[in-house]
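J.: Please find one structure pasted underneath; my questions will follow.
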Amino acid sequence: MTEQFEQAEPLEATTVYREAGVRWAAVLWGPLFALIGYLTELLTAGPRHGVGWLLVAIGLFAITAPWVHARRKFMTVKLTRAALWQGREALEVKRIAEVTDVGAPVGARVLGGGWSVPRKYDELPLKLDDGTVVLAWARDVQALQAALGRVVVPPSAES
């Protein structure tokens, strides 16, 4: 149903809406936790475990980095003038017929390849040019809907 297609313009130049799955700053949580632990040890009378805290920092970083990478890959929402990306799936904007007042039928396909809308994300039903309804998703559905409203050309205005 959705395919990869060639872009005439660079993606960064045409990005209308973007919602990252997570920020890269999240990889610093573990090392910051380890630093706080080490600094707490420095303030107390007792042995200092600098190497231990360094290993904790490296371990937590090693666990967090793939998580951040995966969330950025599969949970990013991006809209350009040519396509709507939901995770790794691209839907051409010209295929979207309606953005507002679309009901979500039971069993509607979720964009991005998941079985359901990701947790902590809200759904936005989109009607395609062939009459099917798919579910787009975003944390800020109103902002995505407004951005889609600026990009999507209604079928009656195409001719």
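J.: Filter segment 92-115 for residues that are touching an Asp or Glu at 6+ places or on another chain (Cβ under 9 Å) and farther than 22 Å from Arg18 by Cβ and give the result.
T.: Ala97, Ala104, Ala108
J.: Looking only at segment 42-78, which residues are in a loop (DSSP other than H, G, I, E, B), open to solvent by less than 70 Å² (accessible area, probe 1.4 Å) and of a type in the set (A, V, I, L, M)?
T.: Scanning segment 42-78 gives a single hit, Met75.
J.: Here is a follow-up. Suppose we filter segment 20-41 for residues that are of a type outside the set (Lys, Arg) and open to solvent by 90 Å² or more (accessible area, probe 1.4 Å); how many remain?
T.: 6
The values are calculated or read from the model by the stated rules, or taken from the named source; none is laboratory data. The structure displayed is predicted, hence computed values, not measured ones. Cβ: placed from backbone, ideal geometry, glycine included. Neighbour counts: every protein chain shown. The area values use the complete protein model at the heavy-atom level, side chains included, leaving out ligands, DNA and RNA. Shrake-Rupley method; radii C 1.70, N 1.55, O 1.52, S 1.80 Å.
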